[in-house]
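Structure first, then comments.
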Amino acid sequence: MLTYQATAPGEGAFVEVGTPVPKGDEILVRVRYCGVCGTDYALSSGNSSFIRNKQATYPIRLGHEWSCVVAAVGPDVRGFEIGDPVVGDNYVSCGVCPACLKKDYNGCTGRHHVGTIDPCWPGAFAEYYLAPVRHVYKLAPNVSLKEAAFCEPLSVAWGGVKKMKMDADSVVCVIGTGSIAMAAAALSRYRGAGQVYVVGRNAFKLEKARSLGITGTINTSSADPVKTLLELTGGRYADCILECSGAPSTIGQCLDLAAQNATVALIGFYETDINGLNIDTLVSKQLTLIGIMGEYGNLETVSKIMAEFDLRMGGIVTATLPFSRMDEALKPADPRRVIKTMVEFPVS
């Protein structure tokens, strides 16, 4: 089977390898779509802290935002048939540690990271992908495989959204204009938030955010975000803030936008110390600050949400490229106009 690997900073190659044969509880799937993540860009270019810190080493078979159809199953697999549409987690638990034996896969001490850091599980930029059945989830027939490839970023965003109290009276601000920010905004709408705003500085991406059916956007490159929010809401600050940009400068912005007793979720890696942060604002507003990582069970949950609620994620796909153009997918001509690139694989 044909795979694509990042081989050195700024370099990649198609590599032919043997097609795996599923054993035991493994499922072999034929990849149909795989989204390109910011982590994929960073690892392929070499501009990643994981590369600098030697947490990731080349060659790396990238790709962890996948949707597939079942191609073959191991002898111990039940409930899946060839042709079933599926999605799966961005890590693979070891299956043998004390946590795994209790089916606490989130607590696995020997997990492999799909297409990212070591120990690395070979990613889904390949014609076929192999995973244990415990990390594979069947899709409802009304969910398209192209939109299902958003399940991984949706699962990360869900980690923050599910921990917040949202109702028809809630004001939500999502900071950032990447795919996880868009996912957080879409899921906030699903949770029933009365007002949902995406805050960022890229006019093109903010316009795309409006396709999600949110209340509005705030462009920080041309307007004061706090003043604009108060104008849009009739004087109200945000009850829930989801910071998804990974930009240290926006942490202070979160605190300024927050209402009294608001909750702020940080859903990004900042890769730097944050100095000059006004901690007194955090204290005086009695804010709750939470860090968010992916959790086992989130991906299955969002795959079911997609079956019952139109999250409108298709509107933020800014490019769809065939697998044969992987180099182009990882080196966009204008990154400022990229939210999500989908890599499409042949049907057969």
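Derivation of every value follows stated rules applied to the coordinates shown; laboratory data play no part. Since the model is a prediction, treat every value here as computed from it, not as a measurement. Reconstructed Cβ throughout: ideal geometry from the backbone, glycine too, with neighbour counts over all protein chains shown.
Alpha carbon centre of the stretch 177-205 versus the stretch 308-348: separation in Å? Cα centroid of the stretch 177-205 versus Cα centroid of the stretch 308-348: 19 Å apart. When the Gaussian network model of the chain links Cα atoms closer than 10 Å, the mean-square fluctuations of F269, F150, F323 top out at F269. Label separation (N142 vs N275): 5.5 nm, computed from points 7 Å beyond Cα along the C-beta direction. A helix-only calculation puts the chain at -6500 deg cm²/dmol for mean residue ellipticity at 222 nm, using -39500 (n - 2.57) for each DSSP H run of at least four residues, averaged over all residues.
In loop segments of the stretch 10-66 as defined by DSSP, the trypsin sites (Lys or Arg not before Pro) with at most 16 further C-beta atoms inside 10 Å of their C-beta are K23, K54.
For the chain, what does the alpha-carbon gyration tensor say about shape, rounded, prolate or oblate, given a ≥ b ≥ c as the root eigenvalues, a/c under 1.5 as rounded, and a/b over b/c as prolate?
Here the chain falls in the prolate category.
Note: relative contact order over the chain, using C-alpha pairs below 8 Å and six or more positions apart, is 17 percent. Computed from point charges on the beta carbon alone (+1 for Lys and Arg, -1 for Asp and Glu), the dipole magnitude for the stretch 294-338 about its Cα centre is near 240 Debye.
Between K162 and R210, the contour length at 0.36 nm per residue exceeds the Cα-Cα span by 15.1 nm. Each Cα pair under 8 Å and six or more residues apart adds its separation to the average, and for the stretch 99-151 the resulting relative contact order is 14 percent. Rounded, prolate or oblate: which fits the stretch 155-291 when a ≥ b ≥ c are the square roots of the eigenvalues of the alpha-carbon gyration tensor, with rounded for a/c under 1.5 and prolate only if a/b beats b/c? It is rounded, given that a/c, with a ≥ b ≥ c, falls under 1.5. When only Cα pairs under 8 Å and 6 or more residues apart are kept, what is the percent relative contact order across the stretch 136-235? RCO, the stretch 136-235: 21 percent. Checking the Cα-Cα distances for K23/K103; K103/K304; K23/K304; K205/K331; K103/K165 against a 25 Å cut-off, the pairs over it are K23/K304; K103/K165. When the chain is treated as a GNM with alpha-carbon contacts under 10 Å, the residue of T220, T272, T57 showing the greatest mean-square fluctuation is T272.
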